[in-house]
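In what follows, a single structure is set out as structure tokens and then discussed.
No value in this document is a laboratory result; all are computed from the given coordinates. Given the structure is predicted, the values throughout are model-derived calculations rather than measurements. All Cβ positions, glycine included, derive from the backbone under ideal geometry; neighbour counts span all protein chains shown.
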Amino acid sequence: MEGLNEQMDRLDKELDGLNATSAKEAEELRIHWLGRKGFITQLFESFRAVSPEEKRRLGKPLNELKNKTEEKIKKLKEQLEDANESEGFDVDPSRPVRPFHPSVRHPISQVMERITSIFQRVGFIRSEGPEMEDDWHNFTALNFPEEHPARDMQDTFFIDSEGPAMALRTHTSSVQIRSLEKYGAPLRILSPGRVFRNEAISSRSHCIFHQIEGLYVDKGVSFADLKQTLLFFARELFGPDARIRLRPSYFPFTEPSAEMDVWWGLETETDRRITKGTGWLEILGCGMVHPQVLRNVDVDPETYSGYAFGIGMERIAMLLYGVNDLRLFYENDLRFLEQFK
Ligand code: DAH
């Protein structure tokens, strides 16, 4: 039979290899080793029966083995607790799975795609420009003269820099200039993107928002072309019965300039409120490209003419989805976003 000494050696080695993958396993190990009928307890029972000489020899190592076993099991338990904590939950495979969130396109992206695809069908090509702009592309080339009060129409975020004065673009109209400089005329582009204005954040305005700019320059482009294209756009977006009206307006880079309204209706209280009692809703600015803008990019206004328009995307998204607070688009609240599947 294995003597006490050999048993201790064997258990000592086995102890080094002990492992547990769950709290339950660790507790079972404790019972096997240190419980009332555990290995270590049995060793102490055998110890009582050995000769006084062996007691003297084995007493100390036996106590050490017991301490080592206690240490080892305590360590195993601690490791398992740490692992559970770092995972943030108890591993319990019988629990129901967590809700799975398949990705959803942001409503602003959805609107942007709808609008760009409408214009792409009639020959507009996407063209993008930088969000950080110089004064030339955002203002000067667009016929905003120095010190002209029109610059105050758009509160600008200027960027501190050592080099030339830079700002966050206040509108996507800057891409008209960039694209004409790059490609010249004729040109037909659509440019969606983010724009920035130093404005107080409220349910109706934000300091970051999105526009889609359109520009068409060619020989003989007329206001009638502009109006027909915008009517086509409104009917594709809001349905075949959509009605539009153009109101005279002012932008430095177009002449004549207009703002376009769509007929919203006056049936409900909400209709009355959002259209301020008129039944019409403004959705974009537009006009014939100012001859000076063409000259600024070396396009001859005697040969070419063009139209341009700028659509506010948040406005359209609010109308299409019945959202009454613009800020919801930027909060990234899943409960809001998940409705746009
Ligand atoms: N850039 C103008 C704005 O941000 C919108 C606009 C008006 C764009 C008329 C145009 C335009 O292209 O022709 O308020």
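Using only the Cα atoms of segment 96-206, build the gyration tensor, take square roots of its eigenvalues as a ≥ b ≥ c, and label the shape rounded, prolate or oblate: rounded if a/c is under 1.5, else prolate if a/b is larger than b/c, else oblate.
Judged from the Cα gyration tensor, segment 96-206 comes out oblate (a/c at least 1.5, b/c at or above a/b).
With a point put 7 Å past each Cα toward its Cβ, work out how far Arg295 is from His32 in nm, to one decimal.
If labels sit at Arg295 and His32, their model points lie 9.4 nm apart.
Suppose we keep just the alpha-carbon trace of segment 2-98; what are its Rg and Dmax in angstrom?
Reported Rg and Dmax, both Å: 17.3, 64.
Mind listing the phi-derived Karplus ³J(HN,Hα) values for segment 278-292, rounded to whole Hz, using 6.51, -1.76 and 1.60 with θ = phi - 60°, and x for any glycine or proline?
Here the 3J(HN,Hα) series is 9, x, 9, 10, 7, 10, 7, x, 7, x, 8, 4, 5, x, 5 Hz.
Provide the per-residue ³J(HN,Hα) series for segment 235-248, in order, calculated from phi with Karplus coefficients 6.51, -1.76, 1.60 and θ = phi - 60°, each as a whole number of Hz, with x at glycine and proline positions.
6, 5, 7, 9, x, x, 8, 4, 10, 10, 9, 10, 10, x
What is the list of residues in segment 212-231 whose amide nitrogen lies under 17 Å from a point 7 angstrom out from the Cα of Thr303, following Cα to Cβ?
217-221
Taking the Cα centroid of segment 298-315 and of segment 218-270, what is the distance between the two, rounded to the nearest whole Å?
After rounding, the separation between the Cα centres reads 14 Å.
Go ahead and set up a Gaussian network model of the chain, Cα springs under 10 Å, then flag whichever of Gly59, Gly193, Gly184 fluctuates most.
Sorting by GNM fluctuation, first place goes to Gly59.
Can you sort Ile177, Ile115 so the residue with the fewest Cβ neighbours within 10 Å comes first?
Taking fewest neighbouring Cβ atoms as first place, the list is Ile115, Ile177.
Connecting C-alpha atoms closer than 10 Å in a GNM of the chain, tell me which of Ser51, Ser161, Ser109 has the biggest fluctuation.
Ser51
Relative contact order of segment 107-340: what whole-number percent is it, with Cα pairs under 8 angstrom and at least 6 residues apart?
Across segment 107-340, relative contact order equals 21 percent.
Is segment 162-272 rounded, prolate or oblate when judged by the Cα gyration tensor, a ≥ b ≥ c being the square roots of its eigenvalues, rounded requiring a/c under 1.5 and prolate requiring a/b larger than b/c?
Since a/c reaches 1.5 but b/c is at least a/b, the shape of segment 162-272 is classed as oblate.
Take the Cα radius of gyration of the chain and divide it by 2.2 N^0.38 Å, with N its residue count; two decimals is plenty.
That ratio works out to 1.86.
Give me the distance in nm between label points sitting 7 Å out from Cα along the Cα-to-Cβ direction at Asp333 and Phe232, one decimal.
Placing both labels 7 Å along Cα→Cβ, they lie 4.0 nm apart.
Taking the Cα atoms only, what angle lies between the long axis of helix 52-87 and the longest principal axis of the chain, rounded to 10 degrees?
10 degrees
At 222 nm, what helix-only mean residue ellipticity would the chain give, in deg cm²/dmol to the nearest 500, using -39500 (n - 2.57) for each DSSP H run of four or more?
-13000 deg cm²/dmol
Treat the count of other C-beta atoms within 10 Å as a stand-in for reagent exposure and order His137, His32 from fewest to most.
Fewest to most other Cβ atoms nearby, the residues stand as His32, His137.
Longest span of the chain, sites excluded, free of GluC sites (Glu not before Pro) in DSSP loop with at most 11 other C-beta atoms within 10 Å?
Result, exposed sites excluded: 3-145.
Can you run phi through the Karplus equation (6.51, -1.76, 1.60; θ = phi - 60°) for segment 7-17 and list ³J(HN,Hα) in whole Hz, with x for Gly and Pro?
With coefficients 6.51, -1.76 and 1.60, one gets 4, 4, 4, 5, 5, 4, 5, 4, 4, 4, x Hz.
Under a 10 Å cutoff between Cα atoms, tell me which one of Pro52, Pro102, Pro192 has the largest fluctuation in the Gaussian network model of the chain.
Answer for the Gaussian network model of the chain: Pro52.
Of Lys75, Lys66, how do they rank once you tally other Cβ atoms within 10 Å and put the fewest first?
Neighbour counts put them in this order, fewest first: Lys75, Lys66.
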